[in-house]
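The structure appears right after this line, and notes come after that.
The values are calculated or read from the model by the stated rules, or taken from the named source; none is laboratory data. On a predicted model such as this, the values are computed, not experimentally measured, just so you know. Neighbour counts are summed over all protein chains in view; Cβ atoms, including those assigned to glycine, are modelled from backbone coordinates with ideal geometry.
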Amino acid sequence: MSRLADLVATVAVSLMLLVWLIHRFKRWLEAPVRVRLPVPEPAPFARNEAVQLLEEAGYEVISGRVKVPVLVEVDDEPLDMASRLFVDFFARKEHEVYLVKVSRARRPVEWTASALRDRFMMYHWLFRDTHGLLYVDLEEKRVRKIRFDLGEAEIPE
């Protein structure tokens, strides 16, 4: 009788383990892909006013412009026109690496938390190994450091 009880218990535990493994595997398959782009290796770049401002602020530019293609689907159909994101430079100060965006006259920055979030936070999530974003304002001749951190989620009652 004891051998039969041991066999039943072993089969039951094995089945529960198998069901749990199948469940975890399905969750893993259905999980969204998390993109984490590496910081590019040092590469040549064009010297310009933005590079000069970064160097004057104590940063070392390590790489030039990077283009990140963005494929967009709506209702499971890819849109005809692909989109892309551009990072103007990558720079380093001491042991911290930053991605760099240079100001554009036709697209001024609104310096509010929500506007900065909407415009720049996607870069933070793409290049997670960076310590933030440097915004080079060519008009003001200024380099500004932007960082994002998430607080705890609040569930409204």
For residue 109, state whether it is in contact (Cβ under 8 Å) with a residue 24 or more places away in the chain, within 20 Å of residue 126 (Cβ to Cβ), in the same structural domain as residue 137 (by TED's automatic domain parsing) and in a strand (DSSP E or B). no
What pairs can you find where one residue is in segment 53-78 and at positive phi, the other is modelled with pLDDT of 90 or more and assigned to a strand (DSSP E or B), and their Cβ atoms are less than 8 Å apart, with a gap of 6+ or different chains? 58/93
Just one of (1) β-branched (Val, Ile, Thr); (2) farther than 21 Å from residue 52 by Cα; (3) modelled with pLDDT of 95 or more trips up residue 100, so point out which. (2)
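Does residue 57 meet the test of being more than 16 Å from the chain's Cα centre (by Cα), closer than 13 Å to residue 39 by Cβ and of a type in the set (Gly, Ala, Ser)?
Spelling it out, it is not the case that residue 57 is more than 16 Å from the chain's Cα centre (by Cα), closer than 13 Å to residue 39 by Cβ and of a type in the set (Gly, Ala, Ser).
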Name the residue that is nearest to residue 64 (Cα to Cα), counting only residues in segment 119-157 that are at pLDDT below 90 and in contact with a Leu (Cβ under 6 Å, 6 or more places away or on another chain). 127
Please count how many residues of segment 6-30 are surrounded by 10 or more Cβ atoms within 10 Å (Cβ to Cβ) and aromatic (Phe, Trp, Tyr). 2
